[in-house]
Structures are given as structure tokens and as C-alpha cells.
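Please read the structure below before turning to the comments.
The values are calculated or read from the model by the stated rules, or taken from the named source; none is laboratory data. Everything numeric here is computed off the predicted structure, so don't read it as measured data. Here Cβ is always computed from backbone atoms with ideal geometry, including for glycine, and neighbour counts include all displayed protein chains.
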Amino acid sequence: MKVGRSVLKGLVAIIALLMGTNALLWLLIPARAAEVLAMPLLTGAAMSSQMDIGAFFMAGAVFATLALVRHERTWFIAAALPVLGAAAYRTSAYALHGAPFLADKVGIEIAMGVILIIAARVLGRGPL
């Protein structure tokens, strides 16, 4: 059981690192960050709004890091909600608006969210 907990902590750390790296990418090299997410980099005022995506990743990284440090269920769930929400919104873009379905991205988001929810259950303490 101790090995399983260590693996789970490692997976949460990887999620925090990936989200933090993506946040930094949006800050420093937004064209590359947009490319990673299969979108064009917008210009003008639209670019300012598009850069909000970096805040999404920064918040997720902070929440996942707090979860690892504090071991409180709330932080694991806080980190899971944005990535699961992204999967839901990507899927709704496909289902409701004719966007192509990006199964690879949705799959990664769901996997990350599930890992974080499992971590909340196994590693977290306190009420939720």
C-alpha cells in the first residue's frame, strides 16, 4: 500500500509539473502554448483573453502542489475540477458546435482528473 501511495503522489507531482510548465509556456512563449493545445494564437484584444488559459494552468498547478503539501482533499478536488471541466467543455464543443473531437486531449484531461480524485480519496484527509 505504501508503494501505491508513493506512485499516486508521484503522479500528482507530474500533473502539477505539467500544469505549471504549461502556465509558464503561456507566459513566455504563447505561440507554442497555443500550438500544444491545437489552437492558433490570436492577436490584439483576443490574445489578451486567450492568455487567460495560462491562469487556468497556473491555478491547477498551485492547487495540485497545495494538495501534495497539505494532504487536504479539498485541494485535490480543486485541481481536478478545471481539468475535468476542460474535458467537458471540449466534448460540448464537439457535440454542440461541430468542433472536431480531440480524443487525445480529452483522454489526458479525464485521466488527470481521475488521478486527482483517486488521490483525494487515498491521500487526502479532512471533509469534502
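Just one of 85, 107, 98 is surrounded by fewer than 18 Cβ atoms within 10 Å (Cβ to Cβ), on the phi > 0 side of the Ramachandran plot and of a type in the set (Gly, Ala, Ser); which is it?
Values: 85 fails: on the phi > 0 side of the Ramachandran plot; 107 fails: on the phi > 0 side of the Ramachandran plot.
Going through 85, 107, 98 in turn, just one is surrounded by fewer than 18 Cβ atoms within 10 Å (Cβ to Cβ), on the phi > 0 side of the Ramachandran plot and of a type in the set (Gly, Ala, Ser): 98.
Specify the residue that is surrounded by the fewest Cβ atoms within 10 Å (Cβ to Cβ); the eligible residues are those in the range 2-21 that are touching a helix residue (DSSP H, G or I) at 6+ places or on another chain (Cβ under 9 Å) and modelled with pLDDT under 95.
The selected residue is 4.
Mind checking which residues of the range 107-128 are in contact (Cβ under 8 Å) with a residue 60 or more places away in the chain and among the small types (Gly, Ala, Ser)? Walk me through how you get there before you give the answer.
From the range 107-128, those in contact (Cβ under 8 Å) with a residue 60 or more places away in the chain are 112, 115-116, 118-119, 122-123; that's our starting set.
Selection gives 119 alone.
Looking at the range 22-42, which of the residues that are of a type outside the set (A, V, I, L, M) and not in a loop (DSSP other than H, G, I, E, B) is surrounded by the most Cβ atoms within 10 Å (Cβ to Cβ)? Before the answer, list the steps.
Keep residues of the range 22-42 that are of a type outside the set (A, V, I, L, M), which gives 22, 26, 30, 32, 35, 40.
Okay, now just the ones that are also not in a loop (DSSP other than H, G, I, E, B), so 22, 26, 30, 32, 35.
Details: 22: 20, 26: 23, 30: 17, 32: 11, 35: 13.
Ranking the candidates gives 26 first.
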